[in-house]
Amino acid sequence: MSVNVENVKEIVNNFAKKGVAYIIGLYSFLYSDYNKRYSNVIETLEPAFGRNNANMVYSDIEEVLEKLDMSAKIKIEDKEISLREYLQKYILEEHISKIIFEEVEKRFA
């Protein structure tokens, strides 16, 4: 099964529009084993955003991503990679990372 790159970008960008907690939560979600996703996302977000917000972020991310096959292939030029790998790389791109750095600056200023 192949996935449209633009659709995937839209998913990540929609999370980014909701705030830095969603990008951090998405990062934690994507880099966690299936059985540890919930605890990793909550433990990462709770200190900065509170338990209720952490739960809300996790629920929103899970609701959207559970509909996707993370092993689906994304074709980029002449190379195919898994959806999970693409998402991991995409959230680390400069424009997504910039959101995180801006939030960190605000919190420590």
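Below, the figures for the structure above:
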| read-out | value |
| --- | --- |
| Test: residue in region 38-57 that is over 28 Å from Glu105 (Cβ atoms) and within 14 Å of the chain's Cα centre (by Cα) | yes |
| All positions within region 21-31 that are more than 19 Å from Glu102 (Cα to Cα) and open to solvent by 10 Å² or more (accessible area, probe 1.4 Å) | Tyr31 |
| So Ser32, is it outside any helix (DSSP H, G or I), in contact with a strand residue (DSSP E or B) (Cβ under 7 Å, 6 or more places away or on another chain) and among the hydroxyl-bearing types (Ser, Thr, Tyr) | no |
| Residues within region 56-79 that are touching a residue at least 12 places away in the same chain (Cβ under 8 Å) and of a type in the set (D, E, K, R), tallied | 5 |
| Unique residue being out of contact with any helix residue (DSSP H, G or I) (no Cβ under 9 Å at 6 or more places or on another chain) and either of a type outside the set (A, V, I, L, M) or surrounded by fewer than 18 Cβ atoms within 10 Å (Cβ to Cβ) (or both) when the list is Lys18, Lys36, Lys9 | Lys36 |
| Residues of region 55-109 that turn out to be closer than 14 Å to Phe29 by Cα and of a type in the set (Asp, Glu), as a count | 5 |
| Residues of region 47-65 classified as touching a Leu at 6+ places or on another chain (Cβ under 8 Å) and open to solvent by 60 Å² or more (accessible area, probe 1.4 Å), total | 1 |
| Pair list, Cβ under 6 Å, 6 or more apart: region 33-55 residue closer than 19 Å to Gly19 by Cβ and without any contact (Cβ under 8 Å) to a residue 40 or more places away in the chain, other residue part of a loop (DSSP other than H, G, I, E, B) and of a type in the set (Ser, Thr, Tyr) | Asn40/Ser32 |
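Condition check ((1) touching a strand residue (DSSP E or B) at 6+ places or on another chain (Cβ under 7 Å); (2) part of a helix (DSSP H, G or I); (3) open to solvent by less than 30 Å² (accessible area, probe 1.4 Å); (4) of a type in the set (Asp, Glu)) across all residues:
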site: Lys67; (1), (2), (3), (4): no, no, no, no
site: Ser71; (1), (2), (3), (4): yes, no, no, no
site: Ile74; (1), (2), (3), (4): yes, no, yes, no
site: Ile81; (1), (2), (3), (4): yes, no, yes, no
site: Glu85; (1), (2), (3), (4): no, yes, no, yes
site: Gln88; (1), (2), (3), (4): no, yes, no, no
site: Lys98; (1), (2), (3), (4): no, yes, no, no
site: Glu103; (1), (2), (3), (4): no, yes, no, yes
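The values are calculated or read from the model by the stated rules, or taken from the named source; none is laboratory data. As the structure is a prediction and not an experimental result, all values here were calculated from the model. Cβ atoms come from the backbone with ideal geometry, glycine included; neighbour counts cover every protein chain shown. For the accessible areas, the whole protein counts, side chains as well, though only heavy atoms, and no ligand, DNA or RNA atoms are used. Shrake-Rupley method; radii C 1.70, N 1.55, O 1.52, S 1.80 Å.
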